Amino acid sequence: MRRLFKVLAVVVGVVVVEQILDTVLMMWALRSGNPRVIGLLTWYHKHVTNPVMVRFFSGRSAHAALLHHVGRRSGKAYATPLTAHRSEDTIIVPLPYGTKIDWLRNLQAAGQGVVKLEGRSFTVDEPEVVPVDSVMELLPSFVARLFQLHDTKEALRLHVSGPAEQMSA
């Protein structure tokens, strides 16, 4: 039993340190605009962080969402972990990497998707890229501060058209 607690403590410690390093690297990369560092960060998120988020965390909490969308060329179903914030019939997603990202292009081409957030699934449509300043009043103050720390300029505003009947991925 004691060994189990030690292993658990190490795992928790690694996760906490990884989150701190990831946040610092993300802030530095996005503020500097260095394409090499941003490329490394996107690779890391796509191949390391995202699979863990999809499997264990996304869609279960107030800010870790899971977007189900269809590839615009392949027609393949995808699930992408995102940070998202719901305010009544609107879901706001920060776009710290800008708008030239595959999941956003896929969602815009389809015009709709399913977002799992707070343990519930919502059908979303009307994807609209907007300046962050135009949605700040919809966000809790600590979330707005995170947008500012990451120097996020744009956000995606999604209209919640209703509960999702079934998830696509």
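Some points to look at:
- Among the residues of this structure, residue 147 does not count as one that is more than 27 Å from residue 40 (Cα to Cα) and under 16 Å from the mean Cα position of the chain (by Cα).
- In the set (1) over 21 Å from residue 111 (Cα atoms); (2) modelled with pLDDT under 75, residue 34 fails one condition alone, (2).
- Residue match in the range 44-65 (condition: assigned by TED's automatic domain parsing to the domain that holds residue 147 and at pLDDT 75 or above): yes
- Total residues in the range 60-73, condition closer than 25 Å to residue 133 by Cα and without any contact (Cβ under 8 Å) to a residue 60 or more places away in the chain: 6
- Taken over the range 92-116, the criterion of being under 24 Å from residue 41 (Cβ atoms) and hydrophobic (A, V, I, L, M, F, W, C) is satisfied by 92, 93, 95, 101, 103, 104, 107, 115.
- Residues in the range 63-73 that are in a loop (DSSP other than H, G, I, E, B) and out of contact with any His (no Cβ under 7 Å at 6 or more places or on another chain): 71, 72, 73.
The values are calculated or read from the model by the stated rules, or taken from the named source; none is laboratory data. Treat the numbers as computed from the prediction; the structure is a model and nothing was measured. Cβ sites come from the backbone with ideal geometry, for glycine too, and all protein chains shown count toward neighbours.
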